[in-house]
1. Take residue 227 and tell me if it is modelled with pLDDT of 95 or more, part of a loop (DSSP other than H, G, I, E, B) and surrounded by fewer than 15 Cβ atoms within 10 Å (Cβ to Cβ).
2. Identify the single condition in (1) over 23 Å from residue 240 (Cβ atoms); (2) more than 16 Å from the ligand (Cβ to nearest atom); (3) buried (at least 24 other Cβ atoms within 10 Å of the Cβ) that residue 88 does not satisfy, given that it satisfies every other one.
3. Here's a check for you: in region 34-47, which residue that is out of contact with any strand residue (DSSP E or B) (no Cβ under 7 Å at 6 or more places or on another chain) and farther than 19 Å from residue 309 by Cβ is farthest from the ligand (Cβ to nearest atom)?
4. Scan 161, 171 and give me the residue that is over 21 Å from residue 255 (Cβ atoms) and surrounded by fewer than 24 Cβ atoms within 10 Å (Cβ to Cβ).
5. Restricting attention to region 153-169, which residues are in contact with a helix residue (DSSP H, G or I) (Cβ under 8 Å, 6 or more places away or on another chain) and either away from the ligand (no atom under 15 Å from the Cβ) or assigned to a strand (DSSP E or B) (or both)?
6. In this structure, is residue 417 touching a residue at least 12 places away in the same chain (Cβ under 8 Å) and within 19 Å of residue 339 (Cα to Cα)?
7. Please specify each residue of region 312-326 satisfying the condition of being over 22 Å from the mean Cα position of the chain (by Cα) and either modelled with pLDDT of 90 or more or surrounded by 14 or more Cβ atoms within 10 Å (Cβ to Cβ) (or both).
8. Looking only at region 197-214, decide whether some residue is closer than 20 Å to residue 354 by Cα, within 16 Å of the ligand (Cβ to nearest atom), in contact with a helix residue (DSSP H, G or I) (Cβ under 9 Å, 6 or more places away or on another chain) and not in a loop (DSSP other than H, G, I, E, B).
Ligand SMILES: [Zn+2]
């Protein structure tokens, strides 16, 4: 008996030990699902989210998708049309207006990068002023935190329009984050397991591959983008909210009082019928119907017009185009449009965005009376010194002020230069009827034609500096 009792005791002890072990087994915590997003919207300024809120209303209320928004700046520059606060104080207010606009759409997860408002049309100015590296690192972190299937952001490209450099910079950073967030060796401290010591450094996030990226343009002529991606009616009535998607978007936008208080107050005094009439008038409507989301790229094979949430798995779309990171010696000398245009050409190749719409010929809108800069990149044949001759054809009444004539270039791989043209001051009535006009730079290298560089320029009464 004794031995039997002993055996039972030992067995019980073993069972008890096993139970205790089961009770005390530790577990590893998973990701915080409160921050998971299906769509991550990346925009530059408070109120820029308004460009896509009609589609977001559909996604949130009727497709039950989770949305998070990242702003590039706090929006502290520009006029305060509502109160007296300016600069950082204005940025603080605009941050709250943006959070309130998002909250009205049911979006709670909102972050701000530390970009600085940069009033120009040149994306490179914005990237320089924002602090490209630090903000990209932060955005990659937010992608890894929110793990979105889809990013929607501003179109990185140059078009006649507001063409704000900050808007384009948001699109550049979002595209870079799309390519980097899934890479295990990019910003590795974000991915490293947390440590007990120096616990403030390692984040314990995971690499995340976003599946698709879509853009919305900053161009005046939005019709040119029809067919470049899926299009969604903004007039359709939301089955769950019983009002059109544009109406939900409009109600969210009325928090931006420091930006367009007069419009907001006017709309708030209108009857529903009056607001509806305004939104059906092509001149008064805030959004183009239908709203096209320009297809950027998909990690899995997907067609341009496929729905945003289709093809989130399947056959990987391996992009074969890779950019030569360092310019190789060129056999023949070429002269091409440089600056943001040259950058975007390399950008599209590097990020597999070969089919993204570009303006051809290249175009820009500037204020009448302002200088137009035609940035040029000269790629030297075999890195040799050369003699460049530039001849400029400009519209009647426009004055070439710099860059024309014979220029000696040193023995290097490439040279950056620019032609400057002064545009005439025109009356508002003339500006109304004037279409875009062309500047052509004829380049000769050692007497041989090396390229004709064209830039179409629209003169306006107001435009951001180039
Ligand atoms: Zn903006």
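The values are calculated or read from the model by the stated rules, or taken from the named source; none is laboratory data. Source: prediction; values computed, not measured. Every residue, glycine among them, receives a Cβ derived from its backbone with ideal geometry; neighbour counts consider all protein chains shown.
1. Taking the combined requirement at face value, the residue satisfies it.
2. (3)
3. 34
4. 161
5. 153, 154, 157, 158
6. The answer is yes for residue 417.
7. Of everything in region 312-326, those that are over 22 Å from the mean Cα position of the chain (by Cα) and either modelled with pLDDT of 90 or more or surrounded by 14 or more Cβ atoms within 10 Å (Cβ to Cβ) (or both) turn out to be 313, 314.
8. No, the conditions are met nowhere in region 197-214.
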